[in-house]
Amino acid sequence: MVRKRKKGSRSDNHDDLSPTSDQQRMSASNKMALNAALKHSRSSNAISKMFKKMRTILSVAPHILMSLVLLYAITYSVDYVHEYLFWRLEDEEVNRMSPDKRELYNYLKDFVCNAVDPVTKEKSGYCHPALLPNVAERTHNVMNVTGVEIKSGEILMVLPRHLLITDFDAISDPYVYENLLGAYHDVTAENLFIEELWPGQITRADYIRDNDYRTAIKTLNNLDAGAFLAAYLVRRYKLAIHGWKDTKNDNILVYRNGDKYGNVMDPLLPFFKILPTYEELEKNHPTLWPDYFLKEQFGEMSNAMQQIYAFRDMIIGEYRGLCNKSFDFCANVSPREYKTFRINVMSRAFGMGTAESGAVSDDEMNASLFTQSDIENLKDQYDIDLNRGVRAMAPILDMWDHHPNAASSWQYKAHDKAFVISATKSGFKAGDNIMVSYGRYTETHLFCKFGFNNGDGSGFNEASIAVHHRQMITGLEPQFSYRQKRMKGKEFTYRGSDDDVLKYLQYDDDGVPYCTTYDGDRWKFKGTKLLYLKMMVQARHRWMISMAPKNMKVDPPPNSRTPPLQSHRTLWTSPKFFRGKEVQKLAQFIGLSMIDYEGKAYETISKHLSTGVNIGNFTVDTSAFLPDAMNYRSYHVMNRLFKTMAAQYPNSLADEKLLVERLTREKYQSREWLAARVRLSELETLHLLSQSSVQNIFKVMTSYENRGYNYPALMKYGFFIRDKPCPS
């Protein structure tokens, strides 16, 4: 009989633990149901706990959110207060500025940044809000506030077309077109009226050097478009400021747009007024340095001195050409004024691309005096090729300093009718000067054209070994050359004294132990080499050696006042960075012997000379004979040319390095520092030529010594070089 549980008894009564028949009959389904119920109960408890945690979090979240908002507000307030105080201090500093400095500040702040299109009356210019005028250095800085920066890809400035002045604007100006276009270089013209008009500003010594045959060449080459841009700028400036004397009408002063009282404001007058003056330019631009200082700093035949001469001769030749074309222009513009504006064009203009690519718009073409066929005729008649490139004076952009690795890029976008300048790479940090790249220049060319040098090894080095002659090719082509543009073939021969060229042959570097006499085939062979050299001396690339930048990827300094690091001023000692193959080809020709070309060297070069084809670029064919002896002599020729040119410089390489270090500390970017830095770059390049030559001499001799030859035995095979020149 089954005992029933008493009503109200505890469920955990253990009076009877033995299984009953009812328990044994519990079905499997009931067990499963019970297990499911237990699982559900545990899941419900977990969900309940989760909701409790969520309620706890939600109860705390407003406090956390409020704290974050408060933290952001405090941070923003600090930045805002910092920026507010910065601008308050900036405003106070501006108020304390002199009128001239305040005018420059406002120009930097508003001229482009708040420019308005004169036609649409809409804002056309733009500057990044972090740009701050730097009056002391005539440029822009990034605002020096914590956290402020300009990131890569952000636009620094948009410079609209209506603020640009291009060489197309210049040559399409009615005055330039009618009175100046067609002017050319003619150094033989007397121009005596110029000296009468502007006494003391120009003399014969400015354009004729008695020891330089090039200054007496009547090239009749047309002036570069940059000359007309400079002429247009100086005339527009004078019309806006001083007035222009009408020499055909009793010298009545005429102002802009014919107004006689100067009431018509030129919208670009603020730009004209901040351009560097003659007095400012002559501090650093070598074309304006006095002759005595240049002769103290550079050897007469050094690369730097020859380029300075070329830029000088170009500028003064252009002025005299413009005066020949128009007395009215000459009577209004002094030599000093023209030099000022020409150097500004030379050093501050930016390329817009070609006329075909949109640098000259259809609207501009329609509004000008020209048609597309006229543009093509400009090239044929005046050597002005706007489809090779259009340059523009670019306000503000032209004030930003240069570094080849600047963290910015610039491009004229025809669709936008504007220069767009953007940050690249790592961008600009707070306090940084804005810098742009003018392009990759050699240290010497950068100095001679722009009047400065970075000094950190970021530029190519270049030197010349043309130690005995002056070249007609200047390196400024197509802007300027001493060579007549139509001079070809045998006409393009050396115009100076034959003695200059003979100095390269005075050692008789043909491997023969005795000097050449005045008769015989060897003398004729030397005479034939002289004829070749008289044309080779005009091939500038054959006399130039260059060295890759010592610090190709060096970062620009934060500003132009900061001297380069010591590590950036060290000398490359590895010849793998040296480029002088053309010089070696030249030296091979100087060292060519009658025994070369298997004894047929005389016949070979005589036959080539008779063709008259590409004579100045003749190259010795080293595959036609065993060239070891000739190469040995050519390395000695290069080393001798190095020694002769190095003697032109006032200091040795070691002394120059010490001088540059001292001047970097004491007179950074001064005249003396600039000159020393350029001399050092050229001396470094020349020393690499010597180093490469000596290493190759050792290599050739070692290879023969390893085969059992000694030097006396090799002499009879042409391994001979003379230490002293032969008698003249």
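The values are calculated or read from the model by the stated rules, or taken from the named source; none is laboratory data. From a predicted model like this one, the values you see are computed outputs, not experimental measurements. Neighbour counts run over all protein chains shown; Cβ positions are idealised from the backbone, glycine included. Please note that ligands, DNA and RNA were not included when accessible areas were found on the heavy atoms of the full protein model with its side chains. Shrake-Rupley method; radii C 1.70, N 1.55, O 1.52, S 1.80 Å.
Quick notes on this structure:
- Hits in the range 577-609 (condition: more than 24 Å from Lys716 (Cα to Cα) and in a helix (DSSP H, G or I)): Phe577, Lys581, Glu582, Val583, Ser606, Lys607, His608, Leu609
- Verdict on Ser361 being at pLDDT below 95 and under 24 Å from the mean Cα position of the chain (by Cα): no
- Residues satisfying the stated conditions in the range 220-245, i.e. open to solvent by less than 20 Å² (accessible area, probe 1.4 Å), over 29 Å from Pro270 (Cβ atoms) and more than 28 Å from the chain's Cα centre (by Cα): none
- Qualifying residue in the range 478-487 (condition: out of contact with any Asp or Glu (no Cβ under 8 Å at 6 or more places or on another chain), within 26 Å of Met552 (Cα to Cα) and either touching a residue at least 12 places away in the same chain (Cβ under 8 Å) or surrounded by fewer than 19 Cβ atoms within 10 Å (Cβ to Cβ) (or both)): no
- Yes/no for Phe492 being of a type in the set (Phe, Trp, Tyr), over 29 Å from Asp723 (Cα atoms), open to solvent by less than 30 Å² (accessible area, probe 1.4 Å) and at pLDDT 90 or above: no
- Scanning the range 103-127 for residues that are under 14 Å from Val420 (Cα atoms) and either in contact with a Lys or Arg (Cβ under 6 Å, 6 or more places away or on another chain) or open to solvent by 70 Å² or more (accessible area, probe 1.4 Å) (or both) turns up just one, Tyr126.
- The residue that is farthest from Gly439 (Cα to Cα), among those in the range 354-410 that are β-branched (Val, Ile, Thr) and touching a Phe, Trp or Tyr at 6+ places or on another chain (Cβ under 6 Å), is Val360.
- Among the criteria (1) within 18 Å of Lys550 (Cβ to Cβ); (2) among the small types (Gly, Ala, Ser); (3) open to solvent by less than 20 Å² (accessible area, probe 1.4 Å); (4) in contact with a Phe, Trp or Tyr (Cβ under 6 Å, 6 or more places away or on another chain), the one Ala629 does not fulfil is (1).
- Filter result for Pro575 (at pLDDT below 85 and either open to solvent by 70 Å² or more (accessible area, probe 1.4 Å) or over 21 Å from the mean Cα position of the chain (by Cα) (or both)): yes
- Of Met393, Met472, Met399, Met435, all but one fail to be over 27 Å from Tyr278 (Cβ atoms) and touching a residue at least 12 places away in the same chain (Cβ under 8 Å); the exception is Met472.
This table checks each residue for (1) in contact with a Leu (Cβ under 9 Å, 6 or more places away or on another chain); (2) buried (at least 22 other Cβ atoms within 10 Å of the Cβ).
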{"position": "Ala430", "(1), (2)": "no, no"}
{"position": "Thr442", "(1), (2)": "no, yes"}
{"position": "Asn461", "(1), (2)": "yes, yes"}
{"position": "Ile465", "(1), (2)": "yes, yes"}
{"position": "Lys503", "(1), (2)": "no, no"}
{"position": "Tyr514", "(1), (2)": "no, no"}
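- For the range 136-172, the candidate set comprises residues that are among the hydrophobic types (A, V, I, L, M, F, W, C) and touching an Asp or Glu at 6+ places or on another chain (Cβ under 9 Å); within that set, the residue that is nearest to Ala367 (Cα to Cα) is Phe168.
- Residue in the range 695-704 that is within 20 Å of Arg540 (Cα to Cα), among the hydroxyl-bearing types (Ser, Thr, Tyr) and loosely packed, with under 13 Cβ neighbours inside 10 Å present: no
- Check on Leu689, within 30 Å of Met630 (Cβ to Cβ), in contact with a helix residue (DSSP H, G or I) (Cβ under 8 Å, 6 or more places away or on another chain), at pLDDT 95 or above and part of a helix (DSSP H, G or I): no
- Being out of contact with any Asp or Glu (no Cβ under 8 Å at 6 or more places or on another chain), open to solvent by 40 Å² or more (accessible area, probe 1.4 Å), of a type in the set (D, E, K, R) and in a loop (DSSP other than H, G, I, E, B) holds for only one residue in Asp509, Asp456, Asp499, Asp519, and it is Asp519.
- Residue satisfying all of: in the range 487-527; over 36 Å from the mean Cα position of the chain (by Cα) and acidic (Asp, Glu); nearest to Ala216 (Cα to Cα) among these: Asp498
- The range 129-154 residues that are within 18 Å of Ser409 (Cβ to Cβ) and open to solvent by 20 Å² or more (accessible area, probe 1.4 Å), paired with ones that are among the aliphatic types (A, V, I, L, M) and part of a loop (DSSP other than H, G, I, E, B) (beta carbon under 7 Å, 6 or more apart): Glu149/Ala430
- Unmet requirement for Arg342, which otherwise passes all of (1) within 20 Å of the chain's Cα centre (by Cα); (2) open to solvent by 20 Å² or more (accessible area, probe 1.4 Å); (3) not hydrophobic (A, V, I, L, M, F, W, C): (2)
- Residues of the range 418-427 that are open to solvent by 10 Å² or more (accessible area, probe 1.4 Å) and assigned to a strand (DSSP E or B): Val420, Ser422.
- Residues that are aliphatic (A, V, I, L, M) and either open to solvent by 50 Å² or more (accessible area, probe 1.4 Å) or over 33 Å from the mean Cα position of the chain (by Cα) (or both) within the range 173-213 comprise Ala189, Leu192, Ile194, Leu197, Ala205, listed in sequence order.
- Meets criteria (buried (at least 16 other Cβ atoms within 10 Å of the Cβ) and over 29 Å from Met487 (Cβ atoms)) for Ile595: yes
- Just one residue in the set Tyr717, Tyr709, Tyr668 is without any contact (Cβ under 8 Å) to a residue 12 or more places away in the chain and either open to solvent by 10 Å² or more (accessible area, probe 1.4 Å) or more than 22 Å from the chain's Cα centre (by Cα) (or both); that residue is Tyr709.
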